[in-house]
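J.: Starting off with a structure, shown below.
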Amino acid sequence: MTSLKLLAVFAHPDDESMGMGGTLAKYSAEGVDTHLICASRGERGWFGPEEQNPGLERLGQLRTVELTNAVNALGMKSLHFLDYIDGDVDQADHAEAIGKIVTHIRKIRPQVVVTFPPDGNYGHPDHIAIGQFTSAAIVCAADSSYKDPENLPAHRVSKLYYMVDGESFINLISPFMGNMTFPVDDQVRGEFPWKDWMITTRIDMAEHCSAAWRAIQYHQSQLPTIGALAQMPEESAAAVLSMQGTFYRAFSLVNGGRKIESDFFEGLR
């Protein structure tokens, strides 16, 4: 067996740390090569006074530094940007975006890929788009007739996971978060927790949640998005984060069944 490799594909800086930082830190610490693709540099993620907004370019630079520091704190091996603008990921040319992700998949050659579920966790259009692009890229990466921009050899991913939020976790954090809805076009979207029976995979990463919390702290510009949770002492925050680690196995070429997994690499080790 070649070395184990995990590739996470998300839309914005902070998705990795706030969404699955403990899991990424766990696998990194265990010697798994963990990699991140980020679709944007978070250029529109400003939560301070509008008159102090540094603008798209400067905020993107700031958040790039934040993400680089967070990735290092999680022990990840590489970080790659697709360089779409925050808020416009769903407007990206689909063939181009898929081709970019295919190139990274064929270079990294991961057995496992993790991305957003079809609802983007809470309906964010960027989340939904990058999840769709990633799913399509996995198919294309395995197809030897598909030519990526660098003409790399095909690679078949063995397992695809969606990062999902379970009911118990959402029920715990909701009182700290305030209103978790936001408008998209003429509709209001928000978090829709996954039922326990929908979750296929639970990763025990409690001992790595302090590292995840430190990674979250590097995303200083985004701390207002987690409300009162941002003010918690590390020990309390780590206890909250330990309730993450819930995923849905979208497909696997190496295992199956309804038994709850405890390892992304089950069937591969």
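The values are calculated or read from the model by the stated rules, or taken from the named source; none is laboratory data. What you are looking at is a predicted structure, and each value in this text was computed from that prediction instead of being measured. When we count neighbours, we look across all protein chains shown, and the Cβ atoms used for this are built from the backbone with ideal geometry, even at glycine.
J.: Exactly one condition in (1) at pLDDT 95 or above; (2) touching a strand residue (DSSP E or B) at 6+ places or on another chain (Cβ under 8 Å); (3) outside any strand (DSSP E or B) is false for Y162; which is it?
T.: Among (1) at pLDDT 95 or above; (2) touching a strand residue (DSSP E or B) at 6+ places or on another chain (Cβ under 8 Å); (3) outside any strand (DSSP E or B), Y162 violates only (3).
J.: Suppose the filter is under 22 Å from A129 (Cβ atoms), among the small types (G, A, S) and in contact (Cβ under 8 Å) with a residue 40 or more places away in the chain; does G22 pass it?
T.: So G22 fails the test.
J.: Follow-up. Restricting the search to region 4-39, which residues are more than 14 Å from the chain's Cα centre (by Cα) and polar (S, T, N, Q)?
T.: Within region 4-39, S28 is the sole residue that qualifies.
J.: Hey, among the residues in region 227-269 that are part of a loop (DSSP other than H, G, I, E, B) and aromatic (F, W, Y), which one's surrounded by the most Cβ atoms within 10 Å (Cβ to Cβ)?
T.: Among those that are part of a loop (DSSP other than H, G, I, E, B) and aromatic (F, W, Y), it is F264.
J.: Any idea which of G75, G48 is assigned to a loop (DSSP other than H, G, I, E, B), under 26 Å from E266 (Cα atoms) and not polar (S, T, N, Q)?
T.: Result: G75 is the single residue among G75, G48 that is assigned to a loop (DSSP other than H, G, I, E, B), under 26 Å from E266 (Cα atoms) and not polar (S, T, N, Q).
J.: Hey, can you tell me all the residues within region 73-119 that are among the small types (G, A, S), on the phi > 0 side of the Ramachandran plot and without any contact (Cβ under 8 Å) to a residue 60 or more places away in the chain?
T.: Within region 73-119, G87 is the sole residue that qualifies.
J.: In the list P118, P183, which residue meets the criterion of being assigned to a strand (DSSP E or B) and of a type outside the set (A, V, I, L, M, F, W, C)?
T.: Exactly one of P118, P183 is assigned to a strand (DSSP E or B) and of a type outside the set (A, V, I, L, M, F, W, C), namely P183.
J.: For region 227-246, which positions are closer than 24 Å to R63 by Cα and under 16 Å from the mean Cα position of the chain (by Cα)?
T.: L241, Q244
J.: From the list S174, S221, pick out the single residue that is modelled with pLDDT under 95, assigned to a helix (DSSP H, G or I) and farther than 30 Å from A142 by Cα.
T.: Of S174, S221, the one residue that is modelled with pLDDT under 95, assigned to a helix (DSSP H, G or I) and farther than 30 Å from A142 by Cα is S174.
J.: Which residues, taken from region 28-51, are buried (at least 23 other Cβ atoms within 10 Å of the Cβ) and either hydrophobic (A, V, I, L, M, F, W, C) or in contact with an Asp or Glu (Cβ under 9 Å, 6 or more places away or on another chain) (or both)?
T.: Selection gives L36, I37, C38, A39, S40, R41, G42, E43.
J.: Which of the residues belonging to region 63-84 are aliphatic (A, V, I, L, M) and surrounded by fewer than 19 Cβ atoms within 10 Å (Cβ to Cβ)?
T.: The answer is V65, L79.
J.: Further question on the same structure: Do you know which of the residues in region 150-203 that are among the charged types (D, E, K, R) and either in contact (Cβ under 8 Å) with a residue 60 or more places away in the chain or surrounded by 14 or more Cβ atoms within 10 Å (Cβ to Cβ) (or both) is farthest from G123 (Cα to Cα)?
T.: R156
J.: Among the listed residues G87, G22, G60, G55, which satisfies the condition of being over 23 Å from K107 (Cα atoms), of a type outside the set (A, V, I, L, M, F, W, C) and surrounded by fewer than 17 Cβ atoms within 10 Å (Cβ to Cβ)?
T.: It is G55.
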